[in-house]
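Single-structure report; data block below.
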Amino acid sequence: MNTPVDLRSDAATRPTEAMRAAMAAAPVGDDTYGEDPSVRALEDRVAGMLGLEAAMFTASGTQSNLCAILAHCQRGDEYIVGQLAHCYRWEGGGAAVLGSVQPQPLDHAPDMTLPLRAIEDAIKPEDDHFARTRLLALENTIHGRVLPAGFVAEATALAARHGLARHLDGARLFNAAVAQAGNGDPRDAARGIAGHFDSVSVCFSKGLGAPVGSALCGPAAFVRRARRVRKMVGGAMRQAGILAAAADYALSHNIGRLAEDHARARRLAEGVAGIEGLAVAPVDTNIVTIRVEPEAGLDGGRMLAWLREAGILATGLYSLRFVTHLGIDDAGIERAIAAIRAFAAAGRQTVRP
Ligand SMILES: *Cc1c(COP(=O)(O)O)cnc(C)c1O
């Protein structure tokens, strides 16, 4: 029996032997006293890489985004955010539940940007009727799409003109950077993107391949406020250097190789292009989204079950999502292509008139 090809998420990565060795060798201390040298080194490193003053290591991207929103906003404030953004839709409503901060979600354009006009219209005037609009939160990449550089510049400049803070959920910032850098240095591209924001959250536990952890970067005073929030939600850790060492290893070894994940995602998309009833969205980075068209006699739920039988794991319902990462090799991609093609051929035959 072949091991499953797990394309559900790039969070599925397992630490490699070399990463485990780095973790085992990490010097540690009590980080709640600021005494864990590995955590401090990681925080300094990631802040420096992104051109921001300070950083805080967190248990997860969800926690990092929550700390960011609560450090930017007070009770009765609101943040403007995309309907499909993680820090609106996928984080349990934490900013509202724990911070009394109201989201103002906006519909995305087809390329996953937010129309500038819609952002501007959503900014409330000073008036007792309204929540105070305080923050614009963007996500890059978002559902695997890279936000165009011009959009990021214009949207953040618009926010700044209106006195809003700007937060980037950069869980996959380095995927965006690798895609945008082309033959250039993705670290420069990452710093370029981050430069438009007051605060940036990055995940080490997605494509970078660490088992746990994110970092929230921003001005020192902002990060101090965020540390208080992290404490309140139980996120202050002790000898966390073991985890920080994995993240540090990921920054050293796993940024450039994201290009391989992107190439495999493109190969997967090409391998299933043109099949009737399967609409493949444009692939910018490591996420392939395939819409399964019921009109063509295909069913997303049946397709997922079929793929699972064939040892291919994906997620979704009408739109299925396939995410490449360092645990996926070329053979896995070819298996996925073959299974999807087989389903499309067989799935149609079972349609009743
Ligand atoms: C995964 C993810 C997060 C949250 O990360 P967790 O560590 O799973 O909490 C936040 N934003 C985006 C865009 C993500 O993909």
task = Under 1.5 on a/c is rounded, so check that first for the chain, then, if it is not, pick prolate when a/b is larger than b/c and oblate when it is not; a ≥ b ≥ c are the square roots of the alpha carbon gyration tensor eigenvalues.
result = oblate
key: In Hz, Karplus ³J(HN,Hα) per residue of region 315-332 (6.51, -1.76, 1.60; θ = phi - 60°; x = Gly, Pro)   = 10, x, 9, 8, 9, 9, 10, 10, 10, 8, 6, 6, x, 10, 10, 4, 4, x
task = Run the quick spin-label model on ARG117 and GLU309: label points 7 Å from Cα toward the beta carbon, then report their separation in nm to one decimal.
result = 4.9
Surface accessible to a 1.4 Å probe, ARG45 within the full protein complex, Å² = 70
request  = Work out how far the C-alpha atoms of region 279-353 reach from end to end along every principal axis, then list the three figures in whole Å, largest first.
outcome  = 43, 23, 15
note = Scoring region 244-353 by relative contact order with C-alpha pairs under 8 Å, at least six apart, yields a percentage of 27
note = Taking the dipole of region 1-151 about the Cα centre (Lys, Arg +1; Asp, Glu -1; charges at Cβ), the one of PRO148, LEU138, GLY29 that reaches farthest to the positive side is PRO148
ask   = Antiparallel DSSP bridges in region 166-291: what percent, to the nearest 5?
value = 60
remark   = Residue span ASP107 to GLU270: 0.36 nm per residue of separation minus Cα-Cα distance leaves a gain in nm of 55.8 nm
inquiry  = Suppose only helical runs count, i.e. DSSP H with n ≥ 4. What mean residue ellipticity at 222 nm does that imply for the chain under -39500 (n - 2.57) per run, divided by all residues and rounded to the nearest 500 deg cm²/dmol?
reply    = -13000 deg cm²/dmol
key: In nm, spacing of pseudo-spin labels at ARG191 and GLN83 (7 Å Cα→C-beta vector)   = 3.8
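For TYR88, TYR33, TYR249, what's the largest-to-smallest order of accessible area, 1.4 Å probe?
TYR33, TYR88, TYR249
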Student exercise, the chain dipole from Lys, Arg, Asp, Glu Cβ charges, in Debye to nearest 20 = 480
ask   = For the chain, with every protein chain kept in place, what is the accessible area per residue (1.4 Å probe, Å²)?
value = 44
query = Measuring from label point to label point, each 7 Å out along Cα→Cβ, what is the ASP329 to HIS129 span in nm?
reply = 6.3
task = With θ set to phi - 60°, apply the Karplus curve 6.51 cos²θ - 1.76 cosθ + 1.60 along region 37-52 and write out the HN-Hα couplings as whole Hz, x wherever there is a Gly or Pro.
result = x, 6, 5, 4, 5, 5, 4, 5, 5, 5, 4, x, 4, 9, x, 10
request  = Normalising by the residue count of the chain, find the relative contact order in percent from Cα pairs under 8 Å and 6+ residues apart.
outcome  = 24
query = Just for the chain, what percent of DSSP beta bridges are antiparallel, to the closest 5?
reply = 50
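The values are calculated or read from the model by the stated rules, or taken from the named source; none is laboratory data. Just so you know, these numbers come straight off a predicted model, no measurement behind them. Note that we place each Cβ from the backbone using ideal geometry, even for glycine, and neighbour counts take in every protein chain shown. Calculation scope for accessible area: heavy atoms of the full protein, side chains included, ligands and nucleic acids excluded. Shrake-Rupley method; radii C 1.70, N 1.55, O 1.52, S 1.80 Å.
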